[in-house]
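Working notes, structure below.
The values are calculated or read from the model by the stated rules, or taken from the named source; none is laboratory data. Model, not experiment: these values are computed from the prediction. Reconstructed Cβ throughout: ideal geometry from the backbone, glycine too, with neighbour counts over all protein chains shown. Accessible surface is based on the protein model in full, side chains and every heavy atom, while ligands, DNA and RNA are left aside. Shrake-Rupley method; radii C 1.70, N 1.55, O 1.52, S 1.80 Å.
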Amino acid sequence: AHFPVFVKPDVGQGSVGAKKIEDGSALNVDFSKNVCMEYLPGQEYTVDCLTNDAGALVYVRGRKRNRIKNGICVNGVFADRPEFISYARIINRELKQLGGWFFQVREACDGTLKLLEISARIAGTSAITRCTGVNLPLLTVNLYNGIKVDDVMPNDYRIELDRAFENRYRLDMDYSFVYVDYDDTLITDKAVNTRLVQFLYQCLNQNKQLILISRHDGDLHAELKEYRLKEIFDRIIHLGKSESKADYIMEADAIFVDDSYGERKDVNKKTGIPVFDTHMLECLIED
């Protein structure tokens, strides 16, 4: 009776095949395979909840689903509305939940929140909740292990979550020695390259040898101490201006990290070992 309406496949996922129909003339739909429902133009929310073993709601908090990709919220911030608590109480009373769960609502034309979904699992974007101090997966495991959970202690600060694809790599390469440059590699704009330090500590965990090699114009040992990096390295090679870094790399199972293309080219040509710019570190870091 009221347009526009929302049409989606009866069986599907995310928003695949979903469409907004503006008027009756466009409603050419096979209703044996699709469902037609009220169009909800307003803000969509997910409300994360936790119910303890006594059936009490220990945690209820909503968050805006600001950006959605394939049905998954990829950007969210916390939002508070009194309806979230009243809806949660009704659902919790009727469905007898235990542990973490969530429901989703969306605003109708008049601002009323319409229930879209209830799910007895942990929502992916509830990672934002964990980063305020409420670890819903862990609390759920505790409850199923008979541990009492009567309250939670969230931190009170503004936080926004944005989710994106993150690259992961598998390298067919073995190495035992890592040679690293200093200027514009380990230290950039008078600040420590934390991504490189992450990789270096990964190497320490794997018992690889770390060697700093540099022509730095200054007191290299004093600066490393100032940046609290001196103890990371097994060796520190401080070269003269005309010396080649390649002449000091003797191991065949080594890699070399340097921001300079010229340095990388010289080392690779003379030693044949793999060489890496700083932007390539992501393929070396394991997760």
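Below, the figures for the structure above:
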item: Single residue of segment 29-53 satisfying the filter (touching a residue at least 60 places away in the same chain (Cβ under 8 Å) and over 21 Å from Ala108 (Cβ atoms)) that is surrounded by the fewest Cβ atoms within 10 Å (Cβ to Cβ); result: Asp53
item: Which listed residue, of Ile213, Ile128, is in a helix (DSSP H, G or I) and buried (at least 17 other Cβ atoms within 10 Å of the Cβ); result: Ile128
item: Some residue of segment 132-145 being part of a loop (DSSP other than H, G, I, E, B) and among the β-branched types (Val, Ile, Thr); result: yes
item: Top-ranked residue of segment 216-243 - restricted to ones that are under 17 Å from Phe177 (Cα atoms) and assigned to a loop (DSSP other than H, G, I, E, B), ranked as least open to solvent (accessible area, probe 1.4 Å); result: Phe233
item: Whichever residue in segment 200-210 is open to solvent by less than 30 Å² (accessible area, probe 1.4 Å) and in contact with an Asp or Glu (Cβ under 9 Å, 6 or more places away or on another chain) and, among such residues, is nearest to His279 (Cα to Cα); result: Gln202
item: Which listed residue, of Val275, Val257, is surrounded by 13 or more Cβ atoms within 10 Å (Cβ to Cβ), among the β-branched types (Val, Ile, Thr), within 18 Å of Asn193 (Cβ to Cβ) and in contact with a Leu (Cβ under 8 Å, 6 or more places away or on another chain); result: Val257
item: Among residues of segment 8-23, those that are open to solvent by less than 50 Å² (accessible area, probe 1.4 Å), outside any loop (DSSP other than H, G, I, E, B) and farther than 22 Å from Asp110 by Cα, counted; result: 1
item: Residue in segment 134-148 that is touching a Gly at 6+ places or on another chain (Cβ under 6 Å) and either among the small types (Gly, Ala, Ser) or exposed (fewer than 13 other Cβ atoms within 10 Å of the Cβ) (or both) present; result: no
item: Residue in segment 72-82 that is of a type in the set (A, V, I, L, M) and over 30 Å from Lys148 (Cα atoms) present; result: yes
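Yes/no matrix, rows are residues, columns are (1) open to solvent by less than 50 Å² (accessible area, probe 1.4 Å); (2) part of a strand (DSSP E or B); (3) in contact with a helix residue (DSSP H, G or I) (Cβ under 7 Å, 6 or more places away or on another chain); (4) not aromatic (Phe, Trp, Tyr):
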position	(1), (2), (3), (4)
Ile68	no, yes, no, yes
Gly76	yes, yes, yes, yes
Phe103	yes, yes, yes, no
Arg121	no, no, no, yes
